[in-house]
Amino acid sequence: MKTGWRNVLVAALSILGVVCIVIGAINMPKRTSEEGLNIIQKLRVRSLLSAVGDGVVDSYIAIAKKNATAEVKKKGGSMSDIRKAVQEAEEKVRLEYQDAETNYLDKDVTDVKNRLEDFDIALGKYADEKVKAEREYREAHMAEAEALAEKKREEASAQGLEAPPEETITVDMSGFEATEQMIALRAEADEAYKKLGLALMEIEPQLSKDALITLQQRVESILYHEERDFATLYDGYSTFSGTDVLDDVNKAKLIRYADDFITVGVALLIAALAIFFYETIVKAMGVPRLIISLFFVLLCVGALLFDLSLPALLGNTVVRMGMNSIMVLAMFPGIQCGISLNLGLPIGLVAGLLGGLMAIEFEIPGVQGFVFALATGSAIAAVAGYFYAKLLNRLKGSEMSVTTYVGFSIVSLMSIAWLMLPFNSLKLRWPLGTGLRNTIGLDKSNFWRILDNFLAFNIGGFRVPTGLLLFMAVCCFLVWLFSRSKTGIAMRAVGNNRRFAQSTGVNVDKMRTIGTVLSTVLGAIGILVYSQSYGFMQLYTAPRQMGFVAASAILIGGASTTRAKISHVIIGTFLFQGVLTLGMPVANELVPGSTISETMRILISNGIILYALTKSGGDTRG
């Protein structure tokens, strides 16, 4: 882009961004001002009147049906007589009120406004107390619910049934009883509704006390919202009332979307800065990481615009980063030792899965089971990685092709082996026939979320999996420490220039073997970390694409097929998982029921690898 046009675009985006921020900043405080309260009050009153107007006929029909049924039963009529009487009663009421309509614009609704305000406050107090009491009940019975869920999982495993997908543990609320405070506040809300009903009867001649009773639940569902912020109330009330009751609809919409104006304004300023410093950013970050970073920011903006919980989505991103990071880290030694992207990662993944299956087979519980799985999986991975390295040392210069075929081959071979391995645990085998199940469910008797739940805590809607992040940090630190050792430096020298390293006396094959073994071991550790967080171990063809996902993540972080840093692992994993985590809900809001998020994942994974190969010439350095 020419400098002149770029400066014009930057200026236009900057001005537009500042204008949006100013509009948002001016209108945001109006939400809590008298002007904002008047808007909500008008919408609330119109919602109430619309609910009463729409529901009064249905209310009279329900009353007429009830009376008709009781009268026929009193006379000893049959079911056919009851159906006939009910149908006639409905037709009579609809005929009576078909032309009835009240023009509220000509009515004085001052008393309704006052009574509605009192009822809304009373209803809010009752609802808040109910939420509080139910929360306390859930907390008091959560341990019981967790024990019951765990018991069901163990019984399913003991019977050889495939573990069901993990569900959020819910407390059975059938035993919940209203507290004294709830009963008192409910009585106050009912009394406020009666007074509101009397005010409504003054302007709605068709209303009766019986009709008001049947309408109470409908009115409460329309008026009460758990979230009491301006945007939620505006959207909720305007759905039932429309906005024609407002004096200035456009002004009200500016107040409603004030936060969105600020969000869009900030996004435009970020875009302007990105365009202005384009060359500098591209030089520092590279094109793939820049594109993915901007796309991630765009998804964050989209989440805010669609009123999605951004803290919860970012918390999920952090969890996914932790559970995938070790597999991405496994790419680091491969790149440094000169075998490039280790797309034969499924060798390590299979080794890790074998370690996990052995921990379950021997019924080693909790932390001990996880440590056993790590140790056993790493040992198997080290042996397999050694022979894998011997193969790669004979095929220098063709590593990318070889690792891909080796990865696919080991998955296919193990798909047969999973049917023949002599595991006897009913948690692992199919209840009928032979072979291991596709999905092995983990529970607290194994190593389910051993890392995720360790010292975990919540900050608002953001959950911090402390143990998972600490494990990730320790692994990254140890690998970084190794890369700074004498062996690590020699290995990196081989990766940078194999022939030069050999001329200085470095044993090239040995360094490549060490890097390949380390990469394979990290793959074994990575799949166990992933599985304990995910809650399942997936066999057969599941590991096939994981190497491509890990390769994509480290490339997004800024690595190439010949150079990598630990920072590339962390940044790339966060960006890749962030795009996937935020992409699905935002895509579902844009195109409900679509598979655009999965399409996006495939495009990002394969597109980044293709870009990296074109930049490297499709081969490693000799």
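Can you order the peptides 539-547, 32-40 by their average number of other Cβ atoms within 10 Å per residue, highest first?
Values: 539-547: 20.0, 32-40: 15.4.
Ranked from most to least packed, the peptides come out as 539-547, 32-40.
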Ordering of 577-588, 289-300, 494-505 by burial proxy (mean other Cβ atoms within 10 Å per residue, highest first): 577-588, 289-300, 494-505
Value of Rg to Rh for segment 310-616 (Rh from inverse mean 1/r over Cα pairs, i.e. Kirkwood): 0.97
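Just to confirm the filter: which GluC sites (Glu not before Pro) across segment 208-285 are DSSP coil and have at most 11 other Cβ within 10 angstrom of their Cβ? All intermediate terms of the calculation are to be shown ahead of the outcome.
Details: sites: 220, 226, 227, 279; in loops: 226, 227.
The qualifying sites are 226, 227.
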Applying the Karplus parametrisation 6.51 cos²θ - 1.76 cosθ + 1.60 with θ = phi - 60° to the phi angles of segment 386-393, what ³J(HN,Hα) value in whole Hz is obtained for each residue in order, glycine and proline being reported as x? 5, 5, 4, 5, 4, 5, 5, 5
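Enumerate by residue number the trypsin sites (Lys or Arg not before Pro) in segment 166-267 meeting two conditions: DSSP loop (anything except H, G, I, E, B), and at most 13 other Cβ atoms within 10 Å of the site's Cβ. Kindly include the intermediate steps, with their values, before the conclusion.
On the way: sites: 186, 194, 195, 209, 218, 228, 251, 253, 256; in loops: 228.
Within segment 166-267, the qualifying trypsin sites (Lys or Arg not before Pro) (loop, at most 13 other Cβ atoms within 10 Å) are 228.
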Under 19 Å from the Cα of residue 73 - lysines, other chains or at least 8 residues apart: 65, 84
Checking rank on 381-391, 235-245, 346-356, with mean other Cβ inside 10 Å and highest first, the result is 346-356, 381-391, 235-245
What spacing in nm lies between the two simple spin-label points modelled at residue 108 and residue 38, each 7 Å away from Cα in the Cβ direction? 2.0 nm
Read-out Cα extents along the principal axes in Å, candidates (1) 77, 58, 53; (2) 101, 72, 42; (3) 115, 75, 62; calculated match is (2)
Debye-sum result for segment 435-567 in log10 I(q)/I(0), which assumes one identical scatterer on each alpha carbon, at q = 0.12, 0.14, 0.17, 0.21 Å⁻¹: -0.64, -0.83, -1.07, -1.32
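Can you tell me, using C-alpha contacts under 8 Å and at least 6 residues apart, the relative contact order of the chain as a whole percent?
Working: 873 pairs, mean separation 122.5, N = 622.
Normalised by residue count, the contact order of the chain is 20 percent.
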First measure r as the distance between the Cβ atoms of residue 6 and residue 603, then evaluate 1/(1 + (r/R0)^6) with R0 = 30 Å and state the FRET efficiency to the nearest 0.05. 0.65
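Pairs to check: 42/195; 132/152; 42/66; 283/390; 125/194. Give those whose C-alpha atoms are more than 27 Å from each other in this structure. Walk me through the numbers before you get to the answer.
Working: 42/195 19 Å; 132/152 29 Å; 42/66 35 Å; 283/390 37 Å; 125/194 17 Å.
Cα-Cα > 27 Å for 132/152; 42/66; 283/390; rest within.
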Averaging sequence separations of C-alpha pairs under 8 Å and six or more residues apart, then dividing by the length of segment 310-616, give the relative contact order as a whole percent. 33 percent
Select from segment 330-435 those GluC sites (Glu not before Pro) which occupy a DSSP coil region and have at most 12 other Cβ atoms within 10 Å, ordered by residue number. 363
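Out of every Cα-Cα pair in segment 1-52, what percent are more than 14 Å apart? Write down the numbers at each step before the final one.
Numbers: 929 of 1326 pairs.
Across segment 1-52, Cα pairs with separations above 14 Å total 70 percent.
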Whole-angstrom gap from segment 493-570 to segment 395-464, using each part's C-alpha centre: 18 Å
Note on segment 210-313: the mean projected area of its alpha-carbon convex hull, in nm², is 9.6 nm²
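Each reported figure results from applying straightforward, stated rules to the coordinates on display, with no laboratory input. Computed from a prediction, not measured in an experiment: that's the story for all the values here. Heads up, the Cβs are rebuilt from the backbone with ideal geometry, glycines too, and the neighbour counts pull from every protein chain shown.
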